[in-house]
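What follows is a single structure, written as structure tokens, with notes after it.
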Amino acid sequence: MLKCFPNWYYLGKSNDTIFYESPSYPKEVDLLRVSRGRRTECGGPRSAFYHGFGGSGTVITIGVFLGTNSLPILGVGFLTSQKGHAVVTGGGSGIGRAIARTLAGEGWSVSVLDLSEERAQAVADEITRDGGTARGVACDLSTRDGAQGGVLKARSALGPVKALVNNVGIYPSGPFVEIKDQDWDLVMNVCLKSFLWCSQESLVDMMAQRSGKIVNMASIDGKTPGPGNAAYSAAKAGVISLTRSLAAEMAEFNINVNAVAPGWVETPNILKSDRWKEAIKRIPIGRLAKPEEIADAVSFLLSEKAVYITGEVLNINGGMLMD
Ligand SMILES: NC(=O)c1ccc[n+]([C@@H]2O[C@H](COP(=O)([O-])OP(=O)(O)OC[C@H]3O[C@@H](n4cnc5c(N)ncnc54)[C@H](O)[C@@H]3O)[C@@H](O)[C@H]2O)c1
């Protein structure tokens, strides 16, 4: 008998044994214990083996023996992690890296989308080394083709998108009167339009499942811009408005759309200039945020604890702006 079980949930691994379960699997077997390429005993009459490469997002063939004399039930499954597939854009550095690592630690399988293949892969490797599931996906999010292609690659590796974190951003600065069209357009494309493109592609899955979460990376600059970063601030103000529009439109599909608005965060780009030393004087908490603190807020907004929150823009700025 050949059966197809749509979702195998990756539970974790111990030595060379990998644990999976599937809600659609026959009731007699509530937990599968499978070892790479060979049959293994799993308590009483249950035993199983699989062929294929382990890890979430892998198509596998599974044979299960319900007893020594019974015929094997063969199944073909698509592995997903317990929480599902989360896509993190700009996940190769700074806040995105922290978000990818935090979500993976909580049981999400994570696609790390980044312009730099090396950085995306390095973060995916860190996660895999820690026992999580991740794929690095190199793509240029400044174009519609690049963004859609990135999400498509992620989906074919790790399954339907259940959560999207639009985090990617660039923040060039300079005098307003010197802004060139091409610089303005690049900031808009990366910081705002990629959010549209990646959301549209991910919403195909979310709307079909009538469930999903999107968290957008805004910034304190989208609310209170300073001098020298007009394009960035305009894009971040756009992110705030886009978040609210999308939240209103997606509520009927059970899809939550929220944003986080960090102040100053200890990321490589921020630390390489001295501007933070002046800024810190205006932060009541008296220090910059750690990337992991932004990741924790994102994780909360993606969690079941936040199901009644949508269209919200959460300040994470140490008290710099209270609105
Ligand atoms: N660092 C802060 O203090 C701070 C404060 C408020 C908001 N933010 C926002 O948080 C987000 C992350 O900031 P960060 O400081 O961690 O940034 P970062 O520069 O450390 O990381 C951004 C990543 O995005 C990638 N990237 C850039 N352009 C890309 C493109 N075209 N296609 C694909 N990937 C691309 C980069 O390769 C990099 O790995 C941004 O949206 C930023 O605006 C940061």
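The numbers here are math on the coordinates, done by the rules we state, and not lab data. All of these numbers come straight from a predicted model, not from anything done at the bench. Note that each Cβ is placed from the backbone with ideal geometry, even for glycine, and that neighbours are counted across all protein chains shown.
How would you classify region 84-316 from its alpha-carbon gyration tensor, with a ≥ b ≥ c the square roots of the eigenvalues: rounded for a/c under 1.5, else prolate if a/b is greater than b/c, otherwise oblate? Rounded shape, in that the Cα axes give a/c under 1.5. Using only side-chain charges placed at the Cβ, +1 for Lys and Arg and -1 for Asp and Glu, the dipole size of region 191-323 relative to its Cα centre rounds to 420 debye.
Under 5 Å from the amide H of Trp264 lie the amide H atoms of Ala289, each residue being 5 or more positions distant or on a separate chain, with H modelled from the backbone and absent for Pro and chain starts.
The phi torsions of region 292-304, fed into the Karplus equation with coefficients 6.51, -1.76 and 1.60 and a -60° offset, translate into couplings of 5, 6, 6, 4, 4, 5, 5, 4, 4, 5, 8, 8, 5 Hz, rounded to whole numbers, with Gly and Pro shown as x. Summarising the amide proton neighbourhood of Leu164: residues at separation of 5 or more, or on other chains, whose placed amide H is nearer than 5 Å comprise Val87, Lys213, Ile214, Val215.
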